[in-house]
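First, the structure itself, so that you have it in front of you.
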Amino acid sequence: MAALVAENFRFLSLFFKSKDVMIFNGLVALGTVGSEELFSVVAFNCPCSPARNYIYGLAAIGVPALALFLIGVIWNNHTWNLVAECHKRGTKNFSTAATFLLFGSIMGRAAVAPVTWSVISLLRGEAYICALSEFVRPSSLDKFPAEYGAEVLARFPCKDVPANLTKFRDEVTRRLRYESQLFGWLLIGIVAVLVFLTKCLKHCCSPLSYRQEAYWAQYRANEDKLFRRTAEVHSRILAANNVKHFFGFVALDKEEKELVQEFPVEGVQPSPQWNAITGVYIYRENKGFPLYSRLHKWAKGVEGNGPTPEGHEMLFLAS
């Protein structure tokens, strides 16, 4: 029994390690759901006034979605790699397909949170009911009193209506909630189909085998982790050396003293090296050998970002 549990745990561990992007997107979606629920409980308050309901309802759905989208773009490393690429080298080394792939990757990841927000808002229905209650045609309501118009319909979301209109308020609310949830389910279906087609297209167009793609993902993760860790230590030791040069001594704790003794830092890397390892990277090979990153490419002494006579560009972007 213990062996079976251990094997299942090992399988789950490997599965989640290989699905880091999926897990990240799932966490983003869950966080968005929680935020939307909190917003609906604490902040959402329909004005129940003609001409204001529509603007407020659309803003409650659209403005947070736009903010989440921009945050997703800002947090995506591909965004700043693209900015660095355009600033240092321009986009002359990118084909149309590569450019489309890059923007698709940025926009796709950034869309997770806003789409989740929109779906939850539509499924809840409050914002949709608030926005469209005043536009319900009185003639579509059986025996609706002729003396009441859009001003009364706009108050339906707040339940502030005359007693003789209660049944009409319930009918309008039920109808609008049905429409809102229908749009929410349709949005879920459309997104699911798009994700499925995108995954199929990505794997069909990938120049890599499944195992090599998994290896590339592991390499990128390890390179990034080691680079950040080494950069942190290097910058600390360099700072310690400069502080010592200024004051004549530097106050280090035991761990920092061990680092300074173990890893002597003589200087810093010149700007051309930083520029060479910074920017967008699309998978390429040189003489049949894979180059998994800009750092890998720099270490092998391969110049430029475009295809070379002895190498060729593979239109596949790191996810």
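Just so you know, all these numbers are worked out from the coordinates, no wet-lab data involved. This structure is a prediction, so every number in the text was calculated from the model and none was measured. Every residue, glycine as well, gets a Cβ built from its backbone with ideal geometry; the counts of neighbours run over all protein chains shown.
Just to confirm my numbers, what's the Cα centroid distance between the range 113-141 and the range 216-265 in Å?
When both Cα centres are located, 55 Å separates them.
Turning to a different aspect of this structure: Given a cut-off of 29 Å, name the pairs among Lys225/Lys257; Lys244/Lys297; Lys225/Lys254; Lys199/Lys300 whose C-alpha atoms lie farther apart than that in the structure shown.
Working: Lys225/Lys257 23 Å; Lys244/Lys297 36 Å; Lys225/Lys254 24 Å; Lys199/Lys300 32 Å.
Check vs 29 Å cut-off fails for Lys244/Lys297; Lys199/Lys300.
Based on C-alpha coordinates, I'd like the Rg and Dmax of the range 58-202, in Å.
22.0, 70
Within 10 Å, count the other beta carbons around each residue, average over each peptide in 115-121, 278-284, and list them highest first. List each step's numbers first, then the result.
On the way: 115-121: 22.3, 278-284: 20.4.
By packing density, highest mean first, the sequence is 115-121, 278-284.
With a cut-off of 8 Å between alpha carbons and a minimum separation of six or more residues, what is the relative contact order of the range 210-300 in percent?
Reported relative contact order: 24 percent.
Cα atoms only, the range 210-300: Rg and Dmax in Å?
Gyration radius and largest Cα-Cα distance of the range 210-300: 17.4, 56 Å.
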